[in-house]
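Worksheet: the structure to be examined is printed underneath.
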Amino acid sequence: MPLDIDTRDQLLETVRRFVREKCVPIESKVGEEDRVPDSVIAEMRELGLFGISIPTEYGGLGLTMEEEVLVAMELGHTSPAFRSVIGTNVGIGSQGVVMFGTDAQKKEWLPKLASGEIVASFALTEPEAGSDAASVRTTAIPDGDHYIVNGTKRFITNANRAGMFTLMARSDPDRKGAGGISAFIVPASTPGVSVGKPEKKMGQQGAHICDVNFDNARVPANLRLGKEGEGFKVAMQVLDRGRLHISGVCVGVAERLIQESVKYAREREQFGQKIGEFQLIQGMLADCKTEAYAARCMVLDAAQKRDRGENVTMEAACAKYFASEMVGRVADKAVQIFGGAGYVADYGIERFYRDVRIFRLYEGTSQIQQLVIARGLLRGE
Ligand code: CAA
């Protein structure tokens, strides 16, 4: 059920205030220290941000997709590292359970994910399986009422804080491709599960990605998500949804960068006038606004379609493709408008420039989105 308009506006205003008052003032410190303070994470828990997409009966806010992308846009007004803290509980870590979990699985896991008591991570990518997600090599071999899991997952967001993993592994090693893959809930405390050190990354310091190793980890069969052999579809449907959420974040970051660029163009003087009076600067600002507005409309339209129960695989791919490329262009123009100051850490623009690069890579590269869109078209969708 959608929230009534007043409640929705109140929620968005609360998130907006939290972002502006608690996150923006410390975003450069978070970037330098590669750490979001525990007090901020605690406040995110109190605001219910870990549970925005989890149904109310399991303690979440049960937002619609449209409401969720509006929240994502608000969260995009600061360093995306803050959003990443809640990102996997809201999206790819939890949604396998929301969409495919049994009643018992939902009752056991969703309340803890909604409250932020535990963090969920999505373990699909492997050293040899990135864009070609159906080629996963991690195995989950049936053994009585358990599966024995062996393999390595790579670049797993929030793995270092995870209490559980939504794992995709090959339960039928004789079957190549998507059909041999099943999905599982794997508690991080399972003997044989270990997490590597966070990777050093180009941007989004404060958000962490790590390897996760499975060494003869015994996972109870009742923790399988969906039917055996349907894990790839679980992953794809979770990603369809996640791609909309990420598109919302891209819109938010672009809007923040436009705000910063306008402010700077009003203050900075060159050749005896504010740089905002130069038409070449105005042209860049207008391009940024037009593209961000187009992305906002796309994301909201796709989210509304999903809320109506329509299949949005193609629309989610279009939104992710356009919004992530758009925010890259906007960040580039923001650096250009700031000039030398855009290249210097103190102004924060170069940090955003680095932060947004990942949006064109994770949850499906731009090229994968193109492929999904074109395949859909050629199938006559
Ligand atoms: N919804 C439901 N089912 C779907 C689906 C969808 N969106 N997409 C595919 N499927 C089904 C197909 O219908 C097909 O089913 P049948 O066999 O019954 O016909 C099956 O899944 C296999 O589909 P394809 O033949 O299309 O599979 P493919 O191997 O050609 O791959 C792909 C398709 C779109 C390229 C896919 O591999 C893909 O999306 N790759 C990108 C993976 C990705 O996004 N990785 C990001 C990891 S998570 C992350 O980045 C976050 C982090 O933590 C860092």
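The values are calculated or read from the model by the stated rules, or taken from the named source; none is laboratory data. Predicted, not measured: the structure shown is a model, and the values here were computed from it. Cβ sites come from the backbone with ideal geometry, for glycine too, and all protein chains shown count toward neighbours. Areas reflect the complete protein model, heavy atoms only, side chains present, ligands, DNA and RNA absent. Shrake-Rupley method; radii C 1.70, N 1.55, O 1.52, S 1.80 Å.
Observations on the structure shown:
- Residue-averaged 222 nm ellipticity for the chain, from DSSP H runs of 4+ at -39500 (n - 2.57), nearest 500: -16000 deg cm²/dmol
- Ranked by how many other beta carbons lie within 10 Å on average, peptides 157-169, 187-199, 106-118 from highest: 157-169, 106-118, 187-199
- Accessible solvent surface per residue of the chain, calculated while the other protein chains remain in place, 1.4 angstrom probe, Å²: 44 Å²
- Net charge, residue 179 excluded, C-beta distance under 12 Å - Lys, Arg +1, Asp, Glu -1: +1
- Under 17 Å from residue 197, Cα to Cα: lysines that are on another chain or at least 8 residues apart: 153
- Distance cut-off 21 Å, percentage of C-alpha pairs in segment 170-270 lying past it: 61 percent
- Of 106/305; 22/320; 274/333, pairs whose Cα-Cα distance is over 20 Å: 106/305; 22/320
- Once all protein chains are placed together, residue 264 keeps about 30 Å² accessible to a 1.4 angstrom probe.
- Where the Cα pairs of the chain fall when distances are cut into 20 Å bins, in %: 29, 57, 13, 1
- For segment 44-160, the spread of Cα positions along the three principal axes, ordered from largest to smallest, is 42, 33, 24 Å.
- Packing here is the average count of other Cβ atoms within 10 Å per residue, and on that basis the peptides 74-82, 31-39, highest first, run 74-82, 31-39.
- Kirkwood-based Rg to Rh ratio, segment 119-228, C-alpha trace: 0.96
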